[in-house]
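Contents: one structure, followed by commentary.
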Amino acid sequence: MRKPLLSLAAVLALAACTTPMGPVAPPPPPSSDAPAAIPANIAAAVADPNRPAADMVRDELRLPAQTLAFAGVRPGAKVADLIPGGGYYTRILSKAVGPRGHVYAYVPDELTKLAKRDPAVKAIAADPNYKNLTVILNTLPNFAAPEKLDLVFTAQNYHDMHDKFMGPADLSVVNRQIYKALKPGGVYLVLDHSAPAGSGLRYTEDLHRIDSETVKAEVTAAGFIFEGESRVLRDPSDKRNVSVFDPSIRGKTDQFIYKFRKPR
């Protein structure tokens, strides 16, 4: 015969007088894609009135504040923006690190020879609003900066380094050079368009995508520790089977943001 169940009141009374057997475990840390407070330096950099209106329109999809908060960009930091393109992130980084910091926009010679024109970031470096910006023109395998860096940042370009028009570059060399350029404890942040899992480098040329696990394997082979991923730009609706420039998906691709750290 079953014993009668305790009433709810009795259960609550017993719970109230029960002595805990040990310390209560702390709650688990929030996932890397959880909403987080944006540091003031990054919020102000994104709101910079000197940024082009066209860049600010793209913020809703690119989420630069969340991305740079994950990277840990602080005032006074020394940062390399590797393959800066039109300078979307370059301006934000310049303001986020402030006058005590510095940004090095590293433009590979492989690109300038192909484009046959000065890189767009040269005009930004000439703008008095971005005095802490220096443009470096050199080949990818010679990546370096005049001082040790806190962060090397590259957005939507890692896959390009594997493509024919970039050499292709030997990423084992490039990643080791980035490792050497960073301070102990420095961060290497890679943001790129996702390719299907297990596809490796198959779609870097035509779809401009790369398998995130391939990136992780290449970067950790250079000595970096994989510290985590922000999922703020992940989008499961992207089937990852068309070019990132296809009108149906442009600006809305599934993207991974991986943070690697040089051991202290």
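The values are calculated or read from the model by the stated rules, or taken from the named source; none is laboratory data. Everything quoted here is computed from the prediction, not taken from an experiment. Cβ placement follows ideal geometry from the backbone for every residue including glycine, while neighbour counts extend to all protein chains displayed.
Summary of computed values
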| item | result |
| --- | --- |
| Test: residue in the stretch 56-63 that is at pLDDT 95 or above, surrounded by fewer than 24 Cβ atoms within 10 Å (Cβ to Cβ), within 15 Å of N157 (Cβ to Cβ) and of a type in the set (V, I, T) | no |
| The stretch 68-96, subset out of contact with any strand residue (DSSP E or B) (no Cβ under 6 Å at 6 or more places or on another chain) and in a helix (DSSP H, G or I), residue farthest from L137 (Cα to Cα) | A69 |
| Boolean, S194 is under 17 Å from L61 (Cα atoms), modelled with pLDDT of 95 or more, loosely packed, with under 15 Cβ neighbours inside 10 Å and not aromatic (F, W, Y) | no |
| Some residue of the stretch 25-33 being modelled with pLDDT under 95 and in contact with a Gly (Cβ under 9 Å, 6 or more places away or on another chain) | yes |
| Total residues in the stretch 229-264, condition at positive phi and small (G, A, S) | 1 |
| Subset tally (residues that are aliphatic (A, V, I, L, M), within 30 Å of K252 (Cβ to Cβ) and modelled with pLDDT of 95 or more) for the stretch 105-139 | 6 |
| Cβ pairs under 7 Å, 6+ apart, first in the stretch 245-264 and farther than 20 Å from Y88 by Cβ, second assigned to a loop (DSSP other than H, G, I, E, B) and among the β-branched types (V, I, T) | S248/V242 |
| Residue in the stretch 98-114 that is under 30 Å from M166 (Cβ atoms), in contact with a Leu (Cβ under 7 Å, 6 or more places away or on another chain) and of a type in the set (D, E) present | yes |
| Number of the exception - F153 against (1) over 20 Å from the mean Cα position of the chain (by Cα); (2) hydrophobic (A, V, I, L, M, F, W, C); (3) closer than 25 Å to I92 by Cβ | (1) |
| Check on G185, at positive phi, touching a helix residue (DSSP H, G or I) at 6+ places or on another chain (Cβ under 6 Å) and exposed (fewer than 15 other Cβ atoms within 10 Å of the Cβ) | no |
| Inter-residue pairs, beta-carbon under 9 Å, first without any contact (Cβ under 8 Å) to a residue 40 or more places away in the chain and in the stretch 107-123, second of a type in the set (V, I, T) and assigned to a loop (DSSP other than H, G, I, E, B), 6+ apart | V107/I83; D109/T139 |
| Residue identified as among the aliphatic types (A, V, I, L, M) and either farther than 22 Å from D55 by Cβ or surrounded by fewer than 22 Cβ atoms within 10 Å (Cβ to Cβ) (or both) among A120, A96, A80, A105 | A120 |
| Residue tally, condition of a type in the set (S, T, Y) and not in a loop (DSSP other than H, G, I, E, B), over the stretch 230-264 | 2 |
| Of residues in the stretch 212-228 being out of contact with any helix residue (DSSP H, G or I) (no Cβ under 8 Å at 6 or more places or on another chain) and closer than 22 Å to L63 by Cβ, the one surrounded by the most Cβ atoms within 10 Å (Cβ to Cβ) | S212 |
